[in-house]
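The values are calculated or read from the model by the stated rules, or taken from the named source; none is laboratory data. Predicted model, so just to flag it, every value in this text is computed and none were measured. So basically every Cβ, Gly included, is an ideal-geometry build from the backbone, and we count neighbours across all protein chains shown. Please note that ligands, DNA and RNA were not included when accessible areas were found on the heavy atoms of the full protein model with its side chains. Shrake-Rupley method; radii C 1.70, N 1.55, O 1.52, S 1.80 Å.
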Amino acid sequence: MKDLGHVPLFYTDLGPAAAPPLLLVHGWGGDGREWSRHAEELAGTCRVIVPDLRGHGRSPVPREGNTPAEMADDLAALIDLLGAGPVVAVGHSMGGQVVNLLAVRRPETVRSVVALDPAHGAHGTEVDTIPCRLAEYRANGARSAASFVAGAFAPDAPAGLRTAHVRTLLGTPDHVIAQAYAGMYTDPGAVGIRPYSEEYLRRRPQPALTVWTSEEAAAWERTTLHVPGSRVEHWTGTGHYLHEERAERTNRLLEDWATETFPSGS
């Protein structure tokens, strides 16, 4: 565990110290264990840093400030203390928002971004449901979020994956669930709703690779690209936890992207 001054994060650091550094960031109500297979396989060619975000997993649980912006600042401090930057910052769901915020708020720490079904770009009826969902999370915490997580997998998802995520979510403190959701969508400066997402994506100076399970979201995000080398992919036939449902494909993607980001000799 690394003491960052105000929130000491639990993390693992695998692979050669001089190899291209990958930072693998979990999502809302998860923890770094969801990256275990990826870390084990990628550590042969990359330095793989996997944190538990504040309020999640084995990291401490502050009473306040469990938001993507604060999480991004924690990660910047961790990268600085490890001397690991600039990293390829990879995030799933809320973690995708966190790594994009990291790229905008502390651009010197990030070489490039990979966002997998990120928690931004909300629009239409999804936006209409946000106030009610937040009220439920504030009243009932993780129990209210369990059905969302349980329904986020494809029918052919690996056995046990759904249950593992529901159990991890239910172990996340209730106030963290509510604060993180508000930090994604309703707090001042939140970037989860589409117009605000577009504004912060325009401020991201690094090349980025985004993978969506929604064809509409992929088409929308392509309109935001402005840095050479950036691209958006649309993966079909998988649920929201695409990095675990399609772990081999994800690892190939990350290996190839790391090679593009850190060409030989750079």
| Any chance residue 129 is more than 30 Å from residue 229 (Cα to Cα), out of contact with any Leu (no Cβ under 6 Å at 6 or more places or on another chain) and not basic (Lys, Arg) | yes
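For the condition under 25 Å from residue 130 (Cα atoms) and under 16 Å from the mean Cα position of the chain (by Cα), what is the one hit in 200, 196?
Details: 196 fails: under 16 Å from the mean Cα position of the chain (by Cα).
After ruling out the rest, the residue left standing is 200.
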| request: Tell me which residues, restricted to segment 203-232, are of a type in the set (D, E, K, R) and closer than 20 Å to residue 22 by Cα. | output: 204, 231
| query | Just to be sure, is residue 93 of a type in the set (S, T, N, Q) and touching a Leu at 6+ places or on another chain (Cβ under 9 Å)? | reply | yes
| request: Scan segment 8-39 residue by residue and report those that are in contact with a Cys (Cβ under 7 Å, 6 or more places away or on another chain) and not in a strand (DSSP E or B). | output: 15, 19, 20
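Quick one: is residue 127 over 14 Å from residue 28 (Cβ atoms) and crowded, with 24+ Cβ neighbours inside 10 Å?
Working: over 14 Å from residue 28 (Cβ atoms): yes; crowded, with 24+ Cβ neighbours inside 10 Å: no.
Here the answer is no, as residue 127 does not meet what is asked.
Looking at 216, 233, which is the one that is under 19 Å from the mean Cα position of the chain (by Cα), among the acidic types (Asp, Glu), surrounded by fewer than 19 Cβ atoms within 10 Å (Cβ to Cβ) and farther than 23 Å from residue 55 by Cα?
Numbers: 216 fails: under 19 Å from the mean Cα position of the chain (by Cα).
Going through 216, 233 in turn, the sole match is 233.
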| In segment 62-83, how many are over 21 Å from residue 167 (Cα atoms) and open to solvent by less than 10 Å² (accessible area, probe 1.4 Å)? | 8
| task | For residue 12, state whether it is surrounded by 23 or more Cβ atoms within 10 Å (Cβ to Cβ) and of a type in the set (Val, Ile, Thr). | result | no
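Within segment 46-61, which residues are closer than 20 Å to residue 80 by Cβ and either charged (D, E, K, R) or surrounded by fewer than 22 Cβ atoms within 10 Å (Cβ to Cβ) (or both)? Let's see the steps before the verdict.
Here is the first cut: in segment 46-61, the ones closer than 20 Å to residue 80 by Cβ are 46-54, 59-60.
Across segment 46-61, the qualifying residues are 47, 52, 54, 60.
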| query | If residue 169 passes every condition in (1) open to solvent by less than 10 Å² (accessible area, probe 1.4 Å); (2) under 20 Å from residue 117 (Cβ atoms); (3) in contact with a Ser or Thr (Cβ under 9 Å, 6 or more places away or on another chain) but one, which one does it miss? | reply | (3)
